[in-house]
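The values are calculated or read from the model by the stated rules, or taken from the named source; none is laboratory data. Because the structure is predicted, anything quoted here is derived from the model rather than measured. Cβ: placed from backbone, ideal geometry, glycine included. Neighbour counts: every protein chain shown.
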Amino acid sequence: MSKPVVGILMGSDSDLPVMQEAAAMLKEFGIEYEMTVASAHRTPKKVLEYSTNAERRGIKVIIAGAGWAAHLAGVIASQTTLPVIGVPIDSSPLRGVDALLSTAQMPGGIPVATMSLGKAGAKNAGVFAAQIIAASDVKMANRLKVFRVEMEHDVEEKAKRIEAITAAPAAPREPVVAEAPETPETPETAKKKPRRRRRKKKTGGSTPATGQTA
Ligand code: RP5
């Protein structure tokens, strides 16, 4: 096994279900990574130590995921010139808006490449790390191109499935029913028919029910 080139840090083990998405992408691209918990607030010394030693240890990109007042990515970025990718996690009652702003709103000079909230953001962090590595690695650049083509095919497959489900079914044909020929009246059927009562004709003048009167 070769040395890890990407470091994934998260503020708490409760962030793992989200941050696993980043690890899954790195695995897919064949990128060696390491993963640990380090909190900007609860274990600041560990964060400082990791950030200042990462480059020397061969780490090329750091992915940092945190929720609530998420200062992890920013604090790491302040201690290293390695690219830092931030993943805001929607673990707070504010559903991650706090983490998103804390991760993205870095002052000028100390950038954090902030991804979208939650699992999609963690997945993108993995892809973005691959893209950073691909800038100086042709093989990785080609892998990313294949990844895009595969994604395109996947979406097309999904589109076909949805189209097949939602396509209007051909209207069912009306069965052709031959009209029954009228049965000639026999003395028996004629007897069964109800007789219409005749109205007596009124004698004398009649007033028209409708129409104009002169
Ligand atoms: C943040 O606080 C962590 O990144 C996590 O998202 C959040 C809650 O942490 P726990 O209380 O679950 O350890 O620092």
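A few points about this structure:
- Inter-residue pairs, beta-carbon under 7 Å, first on the phi < 0 side of the Ramachandran plot and in the stretch 138-155, second at pLDDT 95 or above and part of a helix (DSSP H, G or I), 6+ apart: MET140/ALA130; MET140/ILE133; MET140/ALA134; ALA141/ALA134; LEU144/ALA130; LEU144/GLN131; LEU144/ALA134
- Check on LEU94, more than 15 Å from ALA38 (Cβ to Cβ), within 13 Å of the ligand (Cβ to nearest atom) and in contact with a helix residue (DSSP H, G or I) (Cβ under 7 Å, 6 or more places away or on another chain): no
- Yes/no for PRO44 being surrounded by fewer than 24 Cβ atoms within 10 Å (Cβ to Cβ), more than 27 Å from GLY108 (Cβ to Cβ) and within 12 Å of the ligand (Cβ to nearest atom): no
- Within the stretch 1-103, helices (runs of 4 or more DSSP H) holding 3 or more residues that are in contact (Cβ under 8 Å) with a residue 60 or more places away in the chain: 16-28
- Among the residues of the stretch 55-70, those identified as buried (at least 22 other Cβ atoms within 10 Å of the Cβ) and not β-branched (Val, Ile, Thr) are ALA64, GLY65, ALA66, GLY67, ALA70.
- Here TYR33, TYR50 are screened, and the one residue that is surrounded by 17 or more Cβ atoms within 10 Å (Cβ to Cβ) and touching a helix residue (DSSP H, G or I) at 6+ places or on another chain (Cβ under 6 Å) is TYR33.
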